[in-house]
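**Student:** Pasting in a structure now, in structure tokens, and then I'll have a few things to ask.
The values are calculated or read from the model by the stated rules, or taken from the named source; none is laboratory data. Note that the coordinates shown come from a computational prediction; the quantities given were computed from them, not determined experimentally. All Cβ positions, even for glycine, are placed from backbone atoms using ideal geometry, and neighbour counts span all protein chains on display.
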Amino acid sequence: MAGRIYTDENGFYNFDFNASLNATNSLNRIFNRSVASLLSDVDFVVELEEAMLLVEYKNANIPGAARPEAFKPSEDRHIDKIARKFYDSLIFVWACGYNKPLKYIYILEYPLGDSVTRKIIRNKIKSKLPFELQKCRKVKRQMIYSFEVVSLGEWNDDSIYSKFPIRPVEPIKDDG
């Protein structure tokens with residue numbers, strides 16, 4: 001794929017970040033090649049003119065998903081893991097000198113997922129993020145600007161995120 005188009009780990013979707021100033025999907029590789037392997041990373045770090053996006057993607061609604069019913073995104077363990085990905089990725093973003101507002105977006109697809117359950121999951125994760133901490137007088141820097149949990153459809157329909165479309169990978173045509 002040319003430019004800043006990345007394919008999800010299951011090979012079902014392309015994430016097109018060509019319209020961004022900069023983007024990477026290699027935070028995991030960077031962390032695991034160093035002593036930072038203890039850190040947990042988001043799937044994509046995307047630089048926009050006005051903000052940085054930290055994007056995490058989970059999809060248990062893909063064809064052939066192994067035990068999608070076992071994926072429980074509202075369980076405490078999963079909630080903590082998604083929150084930790086923000087904090088650990090924040091270290092990388094700040095170490096690189098980025099000072100733009102951080103927006104954390106969790107793209108979530110799973111069986112029986114809907115806007116109501118995504119809102120419940122959003123509220124659980126949001127309570128673990130530093131929104132209250134950054135209100136402390138001693139904290140001089142905004143750590144997080146916003147947090148959202150969206151579906152693929154909501155991402156692609158959003159006025160900002162739709163500039164970075166997520167599309168199914170087109171199957172390779174057999175000319176034989």
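**Student:** What residue, among those in region 97-128 that are in a loop (DSSP other than H, G, I, E, B) and crowded, with 18+ Cβ neighbours inside 10 Å, is farthest from the chain's Cα centre (by Cα)? Outline the logic, then answer.
**Tutor:** Initially, region 97-128 is screened for residues in a loop (DSSP other than H, G, I, E, B), giving 97-101, 110-114, 127-128.
Right, trim to crowded, with 18+ Cβ neighbours inside 10 Å and you get 110, 113.
Working: Tyr110: 15, Gly113: 17 Å.
Checking each candidate, the answer is Gly113.
**Student:** In this structure, is Val150 farther than 20 Å from Ser40 by Cβ, in contact with a strand residue (DSSP E or B) (Cβ under 8 Å, 6 or more places away or on another chain), at pLDDT 95 or above and aliphatic (A, V, I, L, M)?
**Tutor:** yes
**Student:** Can I ask one more? Six or more apart or on different chains, Cβ under 7 Å: which pairs go from a residue in region 40-62 that's in contact (Cβ under 8 Å) with a residue 40 or more places away in the chain and closer than 14 Å to Lys81 by Cβ to one that's of a type in the set (D, E, K, R) and in a strand (DSSP E or B)? Could you list them?
**Tutor:** Going by the 7 Å Cβ cut-off, the qualifying pairs are Val42/Glu56.
**Student:** A further question on this structure: Can you tell me which of Ser89, Ser20 is polar (S, T, N, Q), within 15 Å of Ile144 (Cβ to Cβ) and out of contact with any Pro (no Cβ under 8 Å at 6 or more places or on another chain)?
**Tutor:** Numbers: Ser20 fails: within 15 Å of Ile144 (Cβ to Cβ).
Only one candidate qualifies: Ser89.
**Student:** Then there is this: Hey, can you tell me all the residues within region 71-96 that are surrounded by fewer than 16 Cβ atoms within 10 Å (Cβ to Cβ) and of a type in the set (A, V, I, L, M)?
**Tutor:** Hits for region 71-96 are Ile91, Ala95.
Here is a yes/no grid of residues against (1) within 20 Å of Leu108 (Cβ to Cβ); (2) among the charged types (D, E, K, R); (3) modelled with pLDDT of 85 or more; (4) more than 13 Å from the chain's Cα centre (by Cα):
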| site | (1), (2), (3), (4) |
| --- | --- |
| Ala2 | no, no, no, yes |
| Ile5 | no, no, yes, yes |
| Gly11 | yes, no, yes, yes |
| Leu21 | no, no, yes, yes |
| Leu39 | no, no, no, yes |
| Val55 | yes, no, yes, no |
| Asn59 | yes, no, yes, no |
| Arg67 | yes, yes, no, yes |
| Glu75 | yes, yes, yes, yes |
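**Student:** Select from region 155-176 the residues that are closer than 20 Å to Ala23 by Cβ, outside any loop (DSSP other than H, G, I, E, B) and at pLDDT 95 or above and list them in ascending order.
**Tutor:** Trp155, Asn156, Tyr161, Ser162, Lys163, Ile166, Arg167
**Student:** Between residues in region 65-78 that are in contact (Cβ under 8 Å) with a residue 24 or more places away in the chain and under 15 Å from Val149 (Cβ atoms) and residues that are surrounded by 15 or more Cβ atoms within 10 Å (Cβ to Cβ) and small (Gly, Ala, Ser), which pairs lie under 6 Å by C-beta distance while being six or more apart or on different chains?
**Tutor:** Close Cβ pairs (under 6 Å, with a partner that is surrounded by 15 or more Cβ atoms within 10 Å (Cβ to Cβ) and small (Gly, Ala, Ser)) amount to Phe71/Ala60.
**Student:** Got at least one residue in region 134-144 being modelled with pLDDT of 95 or more, assigned to a strand (DSSP E or B) and farther than 24 Å from Thr7 by Cβ?
**Tutor:** No.
**Student:** May I pose another question? Go through region 145-154 and count every residue that is exposed (fewer than 15 other Cβ atoms within 10 Å of the Cβ) and assigned to a helix (DSSP H, G or I).
**Tutor:** The qualifying residues number 1.
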